[in-house]
1. Quick check on my filter: what residues within segment 67-76 are surrounded by 15 or more Cβ atoms within 10 Å (Cβ to Cβ) and more than 16 Å from residue 23 (Cβ to Cβ)?
2. Residue 168: part of a helix (DSSP H, G or I), within 25 Å of residue 9 (Cβ to Cβ) and under 16 Å from the mean Cα position of the chain (by Cα), yes or no?
3. With respect to residue 63, is the statement that it is assigned to a strand (DSSP E or B) and out of contact with any helix residue (DSSP H, G or I) (no Cβ under 9 Å at 6 or more places or on another chain) true?
4. Any chance you could count how many residues in segment 3-40 are touching a residue at least 40 places away in the same chain (Cβ under 8 Å) and assigned to a loop (DSSP other than H, G, I, E, B)?
5. Could you please tell me which pairs satisfy a Cβ distance under 6 Å, a separation of 6+ or placement on different chains, a first residue in segment 78-94 that is in contact (Cβ under 8 Å) with a residue 40 or more places away in the chain, and a second residue that is surrounded by fewer than 16 Cβ atoms within 10 Å (Cβ to Cβ) and assigned to a strand (DSSP E or B)?
6. Taking into account only those residues within segment 132-162 that are touching a helix residue (DSSP H, G or I) at 6+ places or on another chain (Cβ under 9 Å), crowded, with 17+ Cβ neighbours inside 10 Å and within 24 Å of residue 105 (Cβ to Cβ), which is modelled with the lowest pLDDT?
7. Please specify each residue of segment 79-90 satisfying the condition of being surrounded by fewer than 17 Cβ atoms within 10 Å (Cβ to Cβ) and within 22 Å of residue 173 (Cβ to Cβ).
8. Can you list residue pairs whose Cβ atoms sit under 7 Å apart, with the first residue in segment 100-112 being on the phi < 0 side of the Ramachandran plot and surrounded by 17 or more Cβ atoms within 10 Å (Cβ to Cβ) and the second being assigned to a helix (DSSP H, G or I) and at pLDDT 95 or above? Count only pairs 6 or more apart in sequence or on different chains.
């Protein structure tokens, strides 16, 4: 059964003109994701806009769009800097607008990324979440992700606050249909 909120959502590749919506959703989630306020010196629109222009067949940004309104986004980016593992490993990032939170959209976007990764030959997808972000940790656990490590709290409290970052991974063996 498709939840009513997500029934008309289209997942599509992000375009440069989506950068401001992507940035706005990211900015609204920074405190929840990292436990710190949005740094004032980051031009998030320019940052995301530049990265959207570098999308490839394997790596990029996708948005959850309903009638031209973006309610969430997910990206898959290279996470290694050597030529062999870069083609086989990706890092996921997922953000949902406040009004779409807790309505099944994160699960849809994460499933989309897993299926995309399977289609382009990526073997591992990794991500991280703040230890106190129990909602996403429970969701990822329910989707077969495993905790593979933990970064201790930073000595620079303006990056992760007082909580460690939990690293999670998923081996990609094929598409998922849950």
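The values are calculated or read from the model by the stated rules, or taken from the named source; none is laboratory data. A quick note: this is a predicted structure, and the numbers were derived from the prediction, not measured. For neighbour counting, all protein chains shown are included, and Cβ atoms are generated from backbone atoms with ideal geometry for every residue, glycine included.
1. Within segment 67-76, 76 is the sole residue that qualifies.
2. It is false that residue 168 is part of a helix (DSSP H, G or I), within 25 Å of residue 9 (Cβ to Cβ) and under 16 Å from the mean Cα position of the chain (by Cα).
3. Numbers: assigned to a strand (DSSP E or B): yes; out of contact with any helix residue (DSSP H, G or I) (no Cβ under 9 Å at 6 or more places or on another chain): no.
So residue 63 fails the test.
4. So the answer is 7.
5. Partner pairs satisfying both residue conditions: none exist.
6. In this case the residue turns out to be 133.
7. Step one: of segment 79-90, the residues surrounded by fewer than 17 Cβ atoms within 10 Å (Cβ to Cβ) are 79-88.
Matches in segment 79-90: 79, 80, 84, 85, 86, 87, 88.
8. Once the first residue is on the phi < 0 side of the Ramachandran plot and surrounded by 17 or more Cβ atoms within 10 Å (Cβ to Cβ) and sits in segment 100-112, its partners that are assigned to a helix (DSSP H, G or I) and at pLDDT 95 or above give 106/139; 107/139.
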